[in-house]
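None of the figures in this text is laboratory data; all of them are computed from the coordinates on show. What you are looking at is a predicted structure, and each value in this text was computed from that prediction instead of being measured. Neighbour counts are summed over all protein chains in view; Cβ atoms, including those assigned to glycine, are modelled from backbone coordinates with ideal geometry.
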Amino acid sequence: MTAPAGPEGEGGQLTQPGASVSAGRPRFWFPFIAFMAWAVSGWPPIAHGPPSVSRTRTLVTPRMDSPATDTTASVAVDLRAMTAVWMGLDNVPAALAHRRMEEARRSRDMSESRVYGPDVMTVSDRDKGPASAEAPTYFPDHWREVGWEQKARENPLSAVMTIQEMEAAPAEDFSPEMLEAFFTKGRLLFNNHIAPRLTELLATDAKPLVVEYGCGAGRILRAVVDAGYPCAGIDISRTMLRHCARLVPEPALYPLDDAGRCALPSDSAALVYSYAVVQHISRLSNYVTAIDEMCRIVQPGGVLAAQVNCEDFAHGDLDNPDRTENFETYSLHYRAGESEPHQRHKYNEWSGVYIGYGTLQGLLAERGLTIERRYFHTRKKLRGLWIVARKAA
Ligand SMILES: C[S@@+](CC[C@H](N)C(=O)[O-])C[C@H]1O[C@@H](n2cnc3c(N)ncnc32)[C@H](O)[C@@H]1O
């Protein structure tokens, strides 16, 4: 009587005469079992997933590498992760690897030049959709892609003051009404954010040099001049500086060179301030250069007052910052106590670096400055933050 039909080697017709039944089975199953064992083993670990670096490293040395570029590791992880999904496993290294693979994929996407809605992309299931989807924007879409010299050539007033009324402003020959609105806003900014710093400094220096980093067409410098302070302006765009020279002739003006440096001497200004500038910078390395250049110019005992975009206080509590990890072209934002980012931000030429408060603190400390004060630019938008830092005397 023949054995019932079954898998090869199990009494079926393909069993070689004389071959033992047990010899065929491991040969067939071994690769599969070995693969499954490897798939759930967690090896090799992901080399470049979304970073989980130590806080110290994040604070002091911003990361400029792009994660998820190690393709060997990601192929291995992809295979393992697909197996995990196929097996329906949860809470095993393979399932974890799958989650991290998805994160790494998103990182790769973010580091490419894809356009995601306005400027913010969220990654957690809780935070679907761009954070600023509701906010109206009064600037052309391509300004997310072009530099500041180009913006200045197209519409300098709108590039500085992005309100509906300025959308149709000309490239030259601005109307008196437009200039009135422009300088009125500049005076308001001066009164609220610059004058208080000068009052503090007056105790030590009667007529300190005041420098604006990213002065544009001189909207705020006009008020500094009117208040009687010697002042200077720095900008990356020569067209902006040309408009500034015409509209506000008094200050000395300094263009930045290709390395992001200007001719102003080190330690020369009692107050360096910057408004609506660094948050437009689209590369972390350029952001660091800008901070470095501002700090270089501040004199010992002097003050840097800079408005930045920062996600770490968006919950409204200035005493308990969240945490941000900055990379060259994007950032990851973590809420207090959470190890997964709740949001990613991809920088572009309009909505640039959202700096981590810890990162900023570290950058300033490395240059001898200590943050003395921080406050929201407006309570309506808790991402705009002023930091006031003093250089060691
Ligand atoms: C929105 S405007 C603000 C101008 C001025 N602070 C004001 O509020 O009137 C931004 C200015 O920053 C300048 N800018 C952009 N990136 C810069 C950089 N990396 N260094 C210096 N200036 C920069 C632009 O050319 C532009 O004049």
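Close contacts from region 214-238, counting a first residue that is under 21 Å from E180 (Cβ atoms) and a second that is away from the ligand (no atom under 13 Å from the Cβ) and assigned to a loop (DSSP other than H, G, I, E, B), with Cβ to Cβ under 7 Å and a gap of 6+ residues or different chains, come to V225/E250.
Among the residues of region 287-316, those identified as more than 19 Å from V388 (Cβ to Cβ) and either among the aliphatic types (A, V, I, L, M) or without any contact (Cβ under 8 Å) to a residue 12 or more places away in the chain (or both) are V288, A314.
Listed residues Y254, Y275; which is surrounded by fewer than 22 Cβ atoms within 10 Å (Cβ to Cβ), touching a residue at least 12 places away in the same chain (Cβ under 8 Å), within 11 Å of the ligand (Cβ to nearest atom) and closer than 17 Å to V224 by Cα? From the options Y254, Y275, the qualifying one is Y254. Residues that are away from the ligand (no atom under 11 Å from the Cβ) and among the hydrophobic types (A, V, I, L, M, F, W, C) within region 230-246 comprise C231, A232, A245, listed in sequence order. In this entry, T162 is excluded by the filter for residues that are β-branched (V, I, T) and not in a loop (DSSP other than H, G, I, E, B).
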